[in-house]
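The values are calculated or read from the model by the stated rules, or taken from the named source; none is laboratory data. Since the structure is predicted, the reported quantities are computational estimates derived from the model, not experimental observations. FYI the Cβ positions are ideal-geometry reconstructions off the backbone, even for glycines, and counts take in every protein chain you see.
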Amino acid sequence: MLTSPDASASADFYTGLFGWAVAPADDGTTTFLLRDLAVAGLAAAPGRPSAWLTYVSTEDVEATAGLVTDAGGSMLAPPAQAGTRGRSALFADASGAVFGVWQRGTFAGTQVVNESNAICWSEVVTPDVPTAVTFYGNVFGWTERAGSAGANQEYHEWVATNRVVGGMSPMGALYPPGTPAHWRTIILVDDCAATASRAESLGGRLMAGPVDAGIGQGAFLLDPTGAAFLAFELLPELREHF
């Protein structure tokens, strides 16, 4: 879900960059569509910084809220009804990384993933891996295992019910001092360099890249309202099995 102080500008950027369409939802938000299927969401947030938020599915928002606070996290927005679509809440983990949870009603969530111009991955970037392992293990029952992100790069994967559901990257020296812990949204593209160039032509900004991540090329981008995301071109031999 993208929250933006200028939803119109955000919609123009992502429809131009990824070919998404937009449709209003009954809770006042906007759904981004790819082939008429939900690929992401957009919520107007006047006066707030623009940001991509990772949402985790839950069967009980209130119960999750209790687990978050017990694990040392904090509640930023209490459980609330989102029309008939479901219930949501917003939290920060024990290191301050912000994420949401979603309890489905009529809307289960994203319908298109792991293909070109769709979200393919979410990862928490944190200065404290052990604290994150404990927090997400206590809240969602996730376990951690070593992952792959290129030579000499530490990386971790989150596993739930024998399935990889996301990643975790330690915040190293390359991050400016004071960079907060955060969840990163990654969108799969066919050509990372071309996507970065197109993003700039639409008013976005290239922060870094394309860079080699071992399994492909990534470009760190800002949209025109300041929301950060990563465009990623997976190696062809890996994409066949994605």
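Key figures for this structure:
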read-out	value
Sole exception among (1) under 19 Å from N138 (Cβ atoms); (2) buried (at least 20 other Cβ atoms within 10 Å of the Cβ); (3) of a type outside the set (S, T, Y) for A71, by number	(2)
Pair list, Cβ < 8 Å and 6+ apart or interchain, from region 3-15 residues that are more than 14 Å from A45 (Cβ to Cβ) to residues that are surrounded by 16 or more Cβ atoms within 10 Å (Cβ to Cβ) and polar (S, T, N, Q)	F13/T225
Residue that is nearest to D26 (Cα to Cα), among those in region 61-96 that are more than 21 Å from the chain's Cα centre (by Cα) and among the acidic types (D, E)	E62
Yes/no for E154 being of a type in the set (D, E, K, R) and modelled with pLDDT under 95	yes
Lone unmet requirement of (1) touching a residue at least 60 places away in the same chain (Cβ under 8 Å); (2) more than 21 Å from E200 (Cα to Cα) for V61	(1)
Residues satisfying the stated conditions in region 204-214, i.e. exposed (fewer than 15 other Cβ atoms within 10 Å of the Cβ) and either assigned to a helix (DSSP H, G or I) or of a type in the set (A, V, I, L, M) (or both)	M207, A208, V211
Selected residue (criterion: surrounded by the fewest Cβ atoms within 10 Å (Cβ to Cβ)) from residues of region 158-195 that are of a type in the set (F, W, Y) and at pLDDT 95 or above	W183
Residue ranges of strands (runs of 3 or more DSSP E) in region 93-203 with at least 2 members among the β-branched types (V, I, T)	98-104, 118-126, 163-170, 182-188
Matching option when the condition is assigned to a helix (DSSP H, G or I), closer than 30 Å to P170 by Cβ and not hydroxyl-bearing (S, T, Y), among L17, L90	L17
